[in-house]
Amino acid sequence: MREYRCPARHRIVPYTSIRKSLSSAGHRAGLGHVRPHDLRHTFVTRMLDLGVPIEQINYLAGHKSMAMTKRYDHANEERYGAAIEALDAAGKTGSAEALAAARWKRTE
C-alpha cells in the first residue's frame, strides 16, 4: 500500500484515506468523483490560464516531455479568445491580413 507523509501532523497517511477524503469532498461540492490525479490536470490548466510559460509548468509538474504537459491542459475558450476572434475576422473579410492584424494586436 502506498503511503504519504502528512506534513501538518507529521504522520504517515495511507493513500486510500487521501483518495476517499478527496472523493467525498468532491461529491459534497457537487463535482462528482474527484481523484488525486485530477489535481494535476487542474494545476496545469490553471497555470496556463494565468500565462505561466509551459516550460516552467512542465518542470513544476515533473513531466519528462512537453507532450505530456500539453495532454494535461484542459483549455477554456477565454485563453484562445484572440485566436477565435482573428479567425472570425479573417473569415468575414476573406483576407489573411485580418488574421495577421489580430495576431499583432494581441502581442502589443
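Each value in this text was obtained by applying a stated rule to the coordinates, not by laboratory testing. Note that the structure is a prediction, hence the values are computed from the model and not measured. When we count neighbours, we look across all protein chains shown, and the Cβ atoms used for this are built from the backbone with ideal geometry, even at glycine.
Condition check ((1) over 22 Å from Tyr80 (Cα atoms); (2) touching a residue at least 12 places away in the same chain (Cβ under 8 Å); (3) in contact with a Lys or Arg (Cβ under 8 Å, 6 or more places away or on another chain)) across all residues:
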residue: Ala25; (1), (2), (3): yes, no, no
residue: Ala29; (1), (2), (3): yes, no, no
residue: Pro36; (1), (2), (3): yes, yes, yes
residue: Val44; (1), (2), (3): no, yes, no
residue: Pro53; (1), (2), (3): no, no, no
residue: Ile57; (1), (2), (3): no, yes, no
residue: Lys64; (1), (2), (3): yes, no, no
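Selection over the stretch 58-73 of residues that are more than 11 Å from Arg40 (Cβ to Cβ) and not charged (D, E, K, R) gives a count of 5.
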